[in-house]
1. In whole percent, and with a 1.4 Å probe on the protein chains, what portion of the accessible area of region 49-196 is carbon and sulfur?
2. Per-residue HN-Hα couplings for region 40-56, Karplus 6.51 cos²θ - 1.76 cosθ + 1.60 at θ = phi - 60°, whole Hz, x for Gly and Pro?
3. At 1.4 Å probe size, put 160, 54, 40 in order of accessible surface, largest to smallest.
4. Through the Karplus equation 6.51 cos²θ - 1.76 cosθ + 1.60, θ set to phi - 60°, convert the phi angles of region 64-71 into ³J(HN,Hα) values in whole Hz; use x for Gly and Pro.
5. Name the long-range amide H neighbours of residue 91: under 5 Å, sequence gap of 5 or more, or other chain; modelled H, no Pro or chain starts.
6. Given a 1.4 Å probe and the protein chains all in place, what does the accessible area of residue 141 round to, in Å² to the nearest 10?
7. Spelling out what I want: for every residue of region 134-144, take phi, set θ = phi - 60°, compute 6.51 cos²θ - 1.76 cosθ + 1.60 (Karplus), and round to whole Hz; glycine and proline get x.
8. Per residue, how much accessible area does region 78-160 have with a 1.4 Å probe, in Å²?
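The values are calculated or read from the model by the stated rules, or taken from the named source; none is laboratory data. What you are looking at is a predicted structure, and each value in this text was computed from that prediction instead of being measured. Methodologically, a virtual Cβ is constructed for each residue, glycine included, from the backbone with ideal geometry; neighbour enumeration extends over all protein chains shown. Just the protein is used for accessible areas: all its heavy atoms, side chains included, with ligands, DNA and RNA removed. Shrake-Rupley method; radii C 1.70, N 1.55, O 1.52, S 1.80 Å.
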Amino acid sequence: MTRSAAVRVMTLFGALVLLTGCQHSENKAVDRDPLPTSAEPPYVCGHIPARAVELMTGARDPLVQGSFDLSAAGGLGAGSCAVYQRGGERLKLLQIQLTPGGFRGAVEEQLADGASPLPELVPGAVGYYFAPADGEDNEAYALLVRGKAEIDIALEIGVEGRDNAADVLALMKLIAPRLITDASAPSAGPSAPGKG
């Protein structure tokens, strides 16, 4: 190969590297749009707005597994929804769980440790949300308890540059009214000892 041919090949290679680098940085643009304020279709796992999942995780057309049965556990509901990154390494990005076994004490402990309180999204519900200060994957968490029902959101890998704590709060606002059933309504209060 002559010297001029080698120079042309190196120039072409350099141009390809630059073009690829520019395209890569364009793909990394952060979508800072807020999550929707109403739960509109399409949904993943039957109840979770797909647009919210896309914004929170940055994943377009993610792999989704799970479902919810709102008639399970005496009407309290149960189920889960896991969102994974497609291709290559199958990383879990987001996990949402509805379980019959809510414990208000878990909320009180996290609030005492500095988590932010959730607003009352469903009557009688309490909860928290937070993003760890030392998180490496832009993770954020939220938990809501009403009676014996509990919704847990774990954003395991969030989008860098987004307010991940605000994202789990916004997602909880969207899904709590959809997943919390009337069966989870707390009783009027504890009965007095010896009374039934």
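1. Percent of accessible area from carbon and sulfur atoms in region 49-196: 48.
2. 10, x, x, 10, 9, 6, x, 9, 9, x, 4, 5, 4, 4, 4, 5, 5
3. Values: 160 140, 54 50, 40 105 Å².
Of 160, 54, 40, the descending order of accessible area is 160, 40, 54.
4. 10, 9, x, 6, 10, 10, 6, 9
5. Answer set, sorted by chain and number: 85.
6. 70 Å²
7. Per residue, the Karplus-derived 3J(HN,Hα) values read 9, x, 9, 10, 6, 6, 7, 9, 8, 9, 10 Hz.
8. 50 Å²
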